[in-house]
Structures are given as structure tokens and as C-alpha cells.
Amino acid sequence: MLNIIYWNANPILFSLGPISVRWYGLMFAIGFTIGYWLVAKMFRHEGAPEKWLGTLLIYVVIATIVGSRLGHVFFYEWGYYSQHPAEIFKIWEGGLASHGGTIANIIALFLFSWFVSKKPASWVFDKIVIAIALVGGLIRLGNLMNSEIYGGPTDLPWGFVFLRNGETVPAHPTQIYEALCYFLLFGLLMWMYWKKNAEERPWLITGVFFIGIFFPRFLIEYVKNVQVQSEYEMIATYGMNLGQMLSIPFILLGVFLVIWAMTHPRQHFKFPNKFADEKK
């Protein structure tokens, strides 16, 4: 028997006068808070300087917000935003693309490595991607609370009817599909770091991250609704939507990084100054 789930969650958690706290923003905040704590723990584990943490957080937060917004603008709706440039700054109205955030974070982490840590970029990448996997899962839960980025019709027993958008038939809750994949990836990366010392193989954790994020994304896109009208022509021509085409380079990059890491010797980074909170 079909077990239909009627979904009509309020995207606003609570309001205080003109200020509203949305589930989506809360998921972002929770993700970055826990992510900061996790990276701090890894810094402490390796004896890296504490003063880098605040700077790294600034790099990542700016890259995530700006990159995700510009990714949506340029990849998905440049035709509209090129005619309404002032609308680009209205992030609160929605429109973020994970591929844009990924590209911006890659640039930001290389800059952090060159100007702050003075260490090979793999050192910071192999830590920050663990936190990003967790943040990605939480953001997808935020999408669920917004009743957005869901899939096409389904007769599977866990189909959601997204009432807020006027839907009347069950659809794939692709937000949950992706969130589960990202949380599983987060668990895998934590196990690799803490139990298998995978950080001693530069780029291995990062390579697994790229595969674990973008390969499930590629597959789930097949049951996800088209996000913008321009994608219909792309699907008719290439058999893939824009999200899938943007995912392919990251999947290939992940495969390359895993092969590279497993064919090169282990490394262990040392720091002259221990983490400030570490007990002697």
C-alpha cells in the first residue's frame, strides 16, 4: 500500500519582529559550527597552530556564500541576471549552486595554503572536505524544509507530496537521498582520518570526497526535477542536465587524486608550534 507523505513544513523556524530565522540558514550555521569544531580537533591532533583556524573559517565562509551564489548566476540563470545585475546580491531570495561553491572553495584553500599555512595544499584540503561533507548533508535538509530541489513523480512508498508548491502527486524526496549520501560520506571520511591515518596519504581523503559527493549527485539528478527551463534543451541534446555535466570533472578529479595518493609514499607533516590548547 502506498504510504504517501504530505509535506508542508514552514521554512521559517521563528520570527522576532522583522527578523526571521529560517531552517535553511540554521542548517548552514550548525554545519559551520560543527565543522569548525571538527577541524580544530584535527589541528589539535596534528599540532597545527591555533591562529590559522579563524582565518581558515573566513576563507571558507566567504568562498561558500559568494561561490555558490555566482555559480547559480553564471551556470543556471545568466540570461536573467545579466539583465538584472542588482538581483545577484539578493541571496535571501534563493539561488545557490554547490558546484560554484566547490570551485570557490578550491581557490580559497589554495590561497590559504600559499599565504597562511605555507604547507602543501593537500594538508588543508584533506581536513576541510570532511567538514564540508557534513555541511552538504545539513544544507540538503534545509532544502527539504524549503520544499525545493525535489524529484519527479514516484510510486515508491516514501514519496513526498510537496503541498507548499501546489503539488498533488508524490515525488522523489531527492533532498533526503543526497543528505543520506553526504552523511555516509562524512562517516567514511572520519573513519579514514581517525582510524586509518589517511591524512598521511596526501589528497586521498579529498579524492574520496569528490567521488562521494558528485557521483551520487550525478545519479540522483536522473530523478530530480529540472531546476531552470534552459536545461530542457541540454537534456534533449546530451541526455544530461547541467548539474550532471558539472559533476563529471569533479568525479574524474576524484579518481585521479585517489590513484595519485595510493601510488605515492605516505607523508607526515610536522609543526614547530603546538596547538595553543594542547596540554604539555
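The values are calculated or read from the model by the stated rules, or taken from the named source; none is laboratory data. Nothing here was measured: the structure is a model prediction, and the numbers come from that model. No Cβ is skipped: glycine too gets one built from the backbone with ideal geometry, and neighbour counts run over all protein chains shown. Surface accessibility is based on the protein's heavy atoms, side chains included, excluding ligands, DNA and RNA. Shrake-Rupley method; radii C 1.70, N 1.55, O 1.52, S 1.80 Å.
Checking (i) 50, 50, 38; (ii) 56, 43, 34; (iii) 61, 49, 46 against the coordinates, the calculated Cα extents along the principal axes in Å falls under label (iii). Taking amide H atoms as placed 1.01 Å from N in the peptide plane, the amide H of residue 154 lies under 5 Å from those of 171, 172, each 5 or more residues away in sequence or on another chain.
Among 45, 84, 268, the residue with the largest mean-square fluctuation in a Gaussian network model of the chain, with springs joining Cα atoms closer than 10 Å, is 84.
Counting other C-beta atoms within 10 Å, and keeping those with at most 13, which DSSP coil trypsin sites (Lys or Arg not before Pro) do you find in the range 48-91?
On the way: sites: 51, 69, 90; in loops: 90.
Those that pass, being in a loop and sparsely packed, are 90.
Expressed as a whole percent, the accessible area of the range 18-152 that falls on carbon and sulfur atoms is 72 (1.4 Å probe). Here the ratio of the Cα radius of gyration of the range 1-44 to 2.2 N^0.38 Å is 1.81.
Largest GNM mean-square fluctuation across 257, 138, 163, computed for the chain with C-alpha springs under 10 Å, falls on 163. When the chain is treated as a GNM with alpha-carbon contacts under 10 Å, the residue of 19, 139, 149 showing the greatest mean-square fluctuation is 19. With 25 Å as the limit, the listed pairs 51/90; 90/119; 41/224; 41/118 have 51/90; 90/119; 41/224 beyond it between alpha carbons. Remark: the range 97-111, residue by residue, has Karplus-estimated 3J(HN,Hα) of 10, 5, 5, x, x, 5, 4, 5, 5, 4, 4, 4, 6, 5, 4 Hz, where x stands for each Gly or Pro and the curve is 6.51 cos²θ - 1.76 cosθ + 1.60 at θ = phi - 60°. Backbone geometry of the range 71-80 corresponds, through the Karplus equation with coefficients 6.51, -1.76 and 1.60 at θ = phi - 60°, to 3J(HN,Hα) couplings of x, 5, 4, 7, 7, 10, 9, 5, x, 7 Hz, x marking Gly and Pro.
Between rounded, prolate and oblate, where does the range 23-65 land on the alpha carbon gyration tensor, with a ≥ b ≥ c its root eigenvalues, rounded for a/c under 1.5, else prolate if a/b exceeds b/c?
Verdict is oblate for the range 23-65.
Between the helical axis of 204-220 and the dominant principal axis of the chain, each derived from Cα atoms, what acute angle in degrees is found, rounded to the nearest 10? Value to nearest ten degrees: 10. Once backbone amide H atoms are built at 1.01 Å from N, residue 47 has 275 as its partners under 5 Å, excluding neighbours fewer than 5 places away on the same chain. Converting phi to 3J(HN,Hα) with the Karplus coefficients 6.51, -1.76 and 1.60 and the offset θ = phi - 60°, the range 13-30 yields 6, 6, 10, 10, x, x, 9, 10, 9, 9, 4, 4, x, 5, 4, 4, 5, 4 Hz in sequence order, with x at every glycine or proline.
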